[in-house]
Structure formats: C-alpha cells, structure tokens
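The values are calculated or read from the model by the stated rules, or taken from the named source; none is laboratory data. Remember, predicted model here, so these are calculated numbers, not experimental data. Positions of Cβ are generated from backbone atoms using ideal geometry, with glycine treated the same way; all protein chains shown enter the neighbour counts.
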Amino acid sequence: MKVFIIMAHPLSLEQEKEIHSRFQPKEILQLPENLKSTWMNIPPYGPWDSEWIEEILKWIKSQICPSDIAIIQGEYGATFFLVKWLKQKGNAVYYATTERKVIETKHNDGTVETKRVFRHVYFREYP
C-alpha cells in the first residue's frame, strides 16, 4: 500500500510517525516539486477549472492502486475535487487534524503580539 501526500507543506515528524505506525505503507509518495508548485498556486479568481490540477491527476492516475490512500489538504475547491474523485474510485482519503494554542503577549506600549502554535493530532478520514 502506498500513501499519496497532496499538501503544500512537508510532513512533520509527528505526521510521519503516524503514517508509518498506523498505515504501514510500502511507500510514501509526495508531490514532485513542479506539481507542489501547481498545488500551491491554484488561482483565487473566477470559477473552478479542473485543468488547473490536470497534471496532478495524471501523476496520481499513473501510480495509484485501489488499496492506496491519500492525505490531501489545500485550496478548498481543488481538495474537494480530488477527495471526491479518489473516493469514487474506492480509495480512502484523509486530512490532518491539529491542536492549536494561541499565546498572547501584551507589550508595555499597549500592543498585543499573537503567536499560534499548531501540533498534529490525527489523520481523519474524509466522510
């Protein structure tokens, strides 16, 4: 079984550990850099166009088997499109859940600095 990673950012150590312990894949396939750039730069204007991710679909189609899974996060329309397409083909598709902590620091000049810390919790299957 292979795990396809369709995300703009690299996996954290916690995410890698969960993938290996929970799914025990033979291989983890991350988007090649040119396709990662495509995934990160879905145009924000106008109606949805599946041609934007056509090369990503070709990459997935050329390697995916029914028992493989995908972890997908990104631009909402592109994510929805890929999740729906993969689930229709019978593949399980997951997303990462996180725990967020907000740390506020009040400064003497009256400003407030906000820091957000995200920690991976679990890969949850899309419904």
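With the structure loaded, tell me whether Y122 is farther than 14 Å from V3 by Cα, part of a strand (DSSP E or B) and under 14 Å from the mean Cα position of the chain (by Cα) or whether it fails that test. Spelling it out, Y122 is indeed farther than 14 Å from V3 by Cα, part of a strand (DSSP E or B) and under 14 Å from the mean Cα position of the chain (by Cα).
Looking across segment 1-16, the residues that are more than 12 Å from I71 (Cα to Cα) and either in contact with a strand residue (DSSP E or B) (Cβ under 6 Å, 6 or more places away or on another chain) or in a strand (DSSP E or B) (or both) come down to S12, E14. Determine whether G46 is within 15 Å of the chain's Cα centre (by Cα) and of a type outside the set (S, T, Y). For G46, the condition - within 15 Å of the chain's Cα centre (by Cα) and of a type outside the set (S, T, Y) - is not met.
One residue alone among E113, E55, E99 is surrounded by 10 or more Cβ atoms within 10 Å (Cβ to Cβ) and part of a strand (DSSP E or B), and that residue is E99. Residues of segment 15-24 that are over 15 Å from Q73 (Cβ atoms) and touching a residue at least 40 places away in the same chain (Cβ under 8 Å): R22, F23. When I42, I71, I19, I64 are checked against the criterion of being in a helix (DSSP H, G or I) and surrounded by 11 or more Cβ atoms within 10 Å (Cβ to Cβ), a single residue qualifies: I19.
Of the residues making up segment 25-39, those that are in contact (Cβ under 8 Å) with a residue 24 or more places away in the chain and in a helix (DSSP H, G or I) are L35, K36, W39.
For segment 80-92, the count of residues that are part of a helix (DSSP H, G or I) and either at pLDDT below 95 or surrounded by fewer than 11 Cβ atoms within 10 Å (Cβ to Cβ) (or both) is nonzero.
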